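The values are calculated or read from the model by the stated rules, or taken from the named source; none is laboratory data. It should be emphasised that the depicted structure is a prediction, and the values quoted were computed from it without experimental measurement. Note: ideal-geometry Cβ built from the backbone for every residue, glycine included; neighbour counts use all protein chains shown. Accessible surface areas use protein heavy atoms only, side chains included; no ligands, DNA or RNA. Shrake-Rupley method; radii C 1.70, N 1.55, O 1.52, S 1.80 Å.
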Amino acid sequence: MKTQYKLALLALGLATVTSCAKHDPLADKMEIGQPVPTCFWSVGSSACKAGEDFTFKGKYYTDDNHTPSHSEVWYLVKRDESASATVKLAGKSLSYNKSVNSTDTVRENQMVVSFPHSEDYWNGYEYEVNGSVPTSVTLSPVDWKNVSDWDQEKYEMYFPAGFADEFKAEVIEYLTKDSTYYNGLRTVYINYNFTNEQFAAVNSKYNLQFPTDIKIDPSDPQSAATDKSDRWYETTEADVNKIIGWYYKDVDGNGNTVIYEVAKDAVTVNEDGFTATYNGKNCFPVYDSAPWVFCRYDDDAGAIIRAVRASYIPAFKELLAIISFPEWIYDSSENQYTVVFTREYSLDAQFRVYDTVGNVGKASDIRNIKLN
């Protein structure tokens, strides 16, 4: 096998790119078909603890006109990172998770270890070297999750700049864009410790009617939540005694459906008590509810529906913006913050063999080693 390396076979190997490559910046000036060492290898494991060595078995041979000089193992270092956070303040009413992932080459391909050639490596068919390759302990994986005490320094170290701001903006948009997350908005209103002064501020700014006398008892952490739960209410069953107004639907000049509310005493109520007319328009009940809730019977749905009134949305956005990123993601049932950050490193390693005149053969099989 040692003397059976033929130039014709090498030329075929170069044409199909199946084994070796020429390591020479002047290769384009050299005669096509010049032989280089043939090499291939295997590794003991595809995983290695950072700071320890991984083992390998390399095999190689040359033609009779060339002499091996040494072999090398090269590798580049890749880093995979994943960072995510999940809303918990809205309870089960809003399932929202934001995650980002990245893969980078943090160290370009370079020689890590070299093994001098020895005739003792000859096994009767080819040269065979058994060796090990070092790795750095600095490439140990990072895993930050199940955080019981918030660490702003670690957060800034691991998460990309702007993540928290984007997270908050997206959550606020979800909670206020339409009635889809009505329950999520209600849960945040109840669970978060907004102050009466904050409610008073948005009332004054937007001419609204949020309660500003929420009962906040320092000895009872649930006092405010219980009170606010009672303040956010709606009518759930048809009751003529809870009709506070009427509304009708119409279509504007752009073909959009528009809702118009009508005062209770401005309509003609039909005998059933649950329908009315106003200027020839069919009207349906608006039911008693919190001032910011539009609770009404919808003829298309055939049921009582509710949504946050549009006039209150800017105020809710302002209130929600008060909530910090850690407060959004704190899971009170588990007493931890729902952030997850992972960083893992891996190596793309290659075996190379050089001869005494500078030709180099590269094993075509790149071995990926995951560091743990």
Open item on the list: Within segment 121-139, take every residue that is of a type in the set (Gly, Ala, Ser) and out of contact with any strand residue (DSSP E or B) (no Cβ under 7 Å at 6 or more places or on another chain) and give me the one that is farthest from Pro37 (Cα to Cα).
Closed with: Ser136
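Going by the structure shown, is Glu170 touching a Lys or Arg at 6+ places or on another chain (Cβ under 7 Å), modelled with pLDDT of 95 or more and either exposed (fewer than 12 other Cβ atoms within 10 Å of the Cβ) or charged (D, E, K, R) (or both)?
Values: touching a Lys or Arg at 6+ places or on another chain (Cβ under 7 Å): yes; modelled with pLDDT of 95 or more: yes; either exposed (fewer than 12 other Cβ atoms within 10 Å of the Cβ) or charged (D, E, K, R) (or both): yes.
Taking the combined requirement at face value, the residue satisfies it.
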- [ ] Evaluate the following for Thr235: is it closer than 30 Å to Ala301 by Cα, of a type in the set (Ser, Thr, Tyr) and open to solvent by 90 Å² or more (accessible area, probe 1.4 Å)?
- [x] no
Task: Meets criteria (open to solvent by 40 Å² or more (accessible area, probe 1.4 Å), part of a strand (DSSP E or B) and closer than 30 Å to Asp63 by Cβ) for Asn109 - done: yes
Open item on the list: Is it the case, given these coordinates, that Ser332 is more than 30 Å from Glu261 (Cβ to Cβ) and within 29 Å of the chain's Cα centre (by Cα)?
Closed with: yes
- [ ] Give segment 73-103 a look and list any residue that's under 30 Å from Ser179 (Cβ atoms), of a type outside the set (Gly, Ala, Ser) and either open to solvent by 20 Å² or more (accessible area, probe 1.4 Å) or in contact with a Pro (Cβ under 6 Å, 6 or more places away or on another chain) (or both), or say none.
- [x] Thr86, Lys88, Leu89, Lys92, Tyr96, Asn97, Lys98, Val100
Task: Residues being in a loop (DSSP other than H, G, I, E, B) and open to solvent by less than 60 Å² (accessible area, probe 1.4 Å) - total across segment 112-129 - done: 4
- [ ] Only residues in segment 201-229 that are in a helix (DSSP H, G or I) count as the first member; pair them with residues that are of a type in the set (Gly, Ala, Ser) and open to solvent by less than 100 Å² (accessible area, probe 1.4 Å), Cβ under 9 angstrom, at least 6 apart or cross-chain, and list the lot.
- [x] Val202/Ala315; Asn203/Ala315; Lys205/Ala315; Tyr206/Ser311; Tyr206/Ala315
- [ ] Just give me the residues in segment 297-311 being of a type outside the set (Lys, Arg), touching a residue at least 60 places away in the same chain (Cβ under 8 Å), open to solvent by 40 Å² or more (accessible area, probe 1.4 Å) and within 16 Å of Thr235 (Cα to Cα), in sequence order.
- [x] Ile304, Ile305
Open item on the list: Quick check on Glu153: is it modelled with pLDDT of 95 or more, within 16 Å of the chain's Cα centre (by Cα) and surrounded by fewer than 18 Cβ atoms within 10 Å (Cβ to Cβ)?
Closed with: no
